[in-house]
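The values are calculated or read from the model by the stated rules, or taken from the named source; none is laboratory data. Predicted model only: the values in this text are computed from it and were never measured. Here the Cβ positions follow ideal geometry from the backbone for every residue, glycine too, while neighbour counts run over all protein chains shown.
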Amino acid sequence: MGEDAAAFPTDLDGLLRIVVGDPDAERATAAAWAAPFADLLTSLRSPDGPRARAEVRGYGMLGLYQWDVLGLLTALPLVRAGVPIEARWDVILPFWGDALGREVLLAIPADRREAFVYRRLMTDWGPTGAMALNGFDAGFPLLDLAPSERVTRVLVGKLRNNRGYFKKRKDRILARFDELAAEHPGVAAGLKPRRAPPKKQS
């Protein structure tokens with residue numbers, strides 16, 4: 001990071017103070033270190049990054065949630081300083097549906113946002129088991145930000161494959177799906193059952 005490293009906060013409290021709502025001057029300072037740090041994280045998070053590079057000590061041990069924390073703490077200062085989120089940084093953005101995560105995702109164009117949500121659902125969260133459960137809970141709150149047919153179908157698949165776990169919340173989940181389907185044609189299309197192609201006549 002070179003000279004920019006001097007601007008990087010040395011303690012987590014200082015970093016959090018910058019992230020969660022400081023004056024414009026401090027946000028600009030945050031953007032000065034956040035942009036080069038975003039490039040560093042992007043190089044580590046890329047498909048040929050830490051999981052395939054044993055020499056990157058420590059970063060290869062980070063789980064999905066730790067990466068999302070790093071992504072949030074890096075991207076949010078950029079967003080609040082008015083720095084455009086470069087497409088190359090999408091790989092480090094947080095996959096969170098809370099207010100801060102949504103603030104970051106709303107700063108990128110809708111097509112990139114949809115591609116980001118779909119990619120995370122397909123690569124980081126399996127179809128069944130704990131990963132699918134967490135993937136649904138993380139992705140469902142983001143459906144209104146990426147209301148496409150393919151994102152909807154992925155979420156419906158995770159819900160169907162883990163229907164027992166979501167039984168108590170089924171009515172609330174279905175009601176939310178209905179609300180989104182009424183607003184977004186892509187969600188409505190994703191909720192329609194897929195019909196098997198007609199059999200060829202022999």
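Matching residues to (1) more than 21 Å from Pro141 (Cβ to Cβ); (2) at pLDDT 90 or above:
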position: Ala81; (1), (2): yes, no
position: Ala87; (1), (2): yes, yes
position: Trp96; (1), (2): no, no
position: Ile108; (1), (2): no, yes
position: Arg113; (1), (2): no, yes
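Would you mention how many residues in region 145-168 are under 19 Å from the mean Cα position of the chain (by Cα) and more than 16 Å from Arg112 (Cβ to Cβ)? Break it down into steps so the answer makes sense when it comes.
Pass one, region 145-168, residues under 19 Å from the mean Cα position of the chain (by Cα): 145-159.
Going one step further and asking which of them are more than 16 Å from Arg112 (Cβ to Cβ), we end up with 149, 152-159.
Counting residues in region 145-168 that are under 19 Å from the mean Cα position of the chain (by Cα) and more than 16 Å from Arg112 (Cβ to Cβ) gives 9.
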Residues of region 74-86 being in a helix (DSSP H, G or I) and in contact with a Pro (Cβ under 9 Å, 6 or more places away or on another chain), which ones?
-> Ala75, Leu76, Leu78
Look through region 98-112, keep the residues that are more than 18 Å from Arg80 (Cα to Cα) and of a type outside the set (A, V, I, L, M, F, W, C), and return whichever of them is farthest from the chain's Cα centre (by Cα).
-> Asp111
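Among the candidates Arg27, Arg53, single out the residue that is at pLDDT below 70 and more than 24 Å from Asp98 (Cα to Cα).
Details: Arg27 fails: more than 24 Å from Asp98 (Cα to Cα).
Of the residues listed, the single one that is at pLDDT below 70 and more than 24 Å from Asp98 (Cα to Cα) is Arg53.
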In region 156-202, residues that are modelled with pLDDT under 85 and of a type outside the set (S, T, N, Q) total 9
